[in-house]
Structures are given as structure tokens and as C-alpha cells.
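Values quoted throughout were computed directly from the atomic coordinates according to the rules given, and no laboratory measurement underlies them. Owing to the predicted nature of the structure, the values given are computational and were not obtained by experimental measurement. Reconstructed Cβ throughout: ideal geometry from the backbone, glycine too, with neighbour counts over all protein chains shown.
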Amino acid sequence: MLIIDTNVRAANASTQYMGHPINSIAKFNRTHLTASDNGLYEHTGDLDDTDAIDAHFVTAIMDFGVNNDKRLRYVYLSLESSGNLNLIINTEKVSAITYVVPIDTTIGQQDVRITVSRALHGRFWTFQINNAIDGADFSIDEIKVLPIARTWEH
């Protein structure tokens, strides 16, 4: 199932949620509610003693408004998580590279800076965050990047 969530407070930024057996999601009164063909569910920190859900999301493909190839030095994440996460960055020119997002579980909302390999370059970029390391519950507030456009001299 694929769900696209648009955050109208963040310049209409959209996120794709995949891998969940649900058809809609809403946050109401600080609680995440999901719906499927089988009913309505409240998602809390305790998943009723079941295995952790493999949660991930993938951003839309973007070129940051710049037609040239570009590199990134850092990705800045503002998030809250109960464990370490993976950040997977992919371009049309370089296969996906995975970075571990180290989380300080003693604090809530936090900012994390990930150094991006100089080998990663391209015009079109996607970012995926998943909880495959610890099965952590997480919420992403913001992803920030500063693309560095490559100029070609002939």
C-alpha cells in the first residue's frame, strides 16, 4: 500500500509511506490513527507485543530546482526516534548509499547532521528513511539539504 501525505505547513512537501497494510493515516490529538479494510487503529508505542513494523518513507524525486548535476555535503534531519535509523540516498547516476542515523535516545526531538559521500552526485535525488536497524518508532519533522551545483567547463 502506498500513502502520500502532504504537509501544507511545510510548503506542501509530500512524503510517500510504503510497506504498511493501511489505506490512510491521520494525526489527531497527538495520536496517529490509521485505517485499513479491516478497521480503524490507534498506533501507540506498544505494538501489542507484536514484531516491530518495518516503517520507511521515500521522498518524491527532486532536482532542487537546478538542472545541473549536484552534490550534497550534509543532510540535516530534525526528528524524534526511539532508536537508530537508516538514511538511504539515491540519484539517477549513483546507486543508493546507506547512512546510519545515530539517535540519542535520552532526548526527544533532535537535529542530526549526516555527512554525504562526495561519490554521490546527480541531478535527481530521493531520500528514504527507515527503521531497519532497531525497529524504532520515529517521526521526521524536517529534512534539509544544501545542494552544490556542478559546473562543467569545456
Note to self: Run the simple label-point estimate for I140 and I107 please: 7 Å along Cα→C-beta, distance reported in nm.
What the structure shows: 2.1 nm
Checklist line | Nitroxide proxy distance, nm - points 7 Å out along Cα→Cβ at N67 and T98 | finding: 3.7 nm
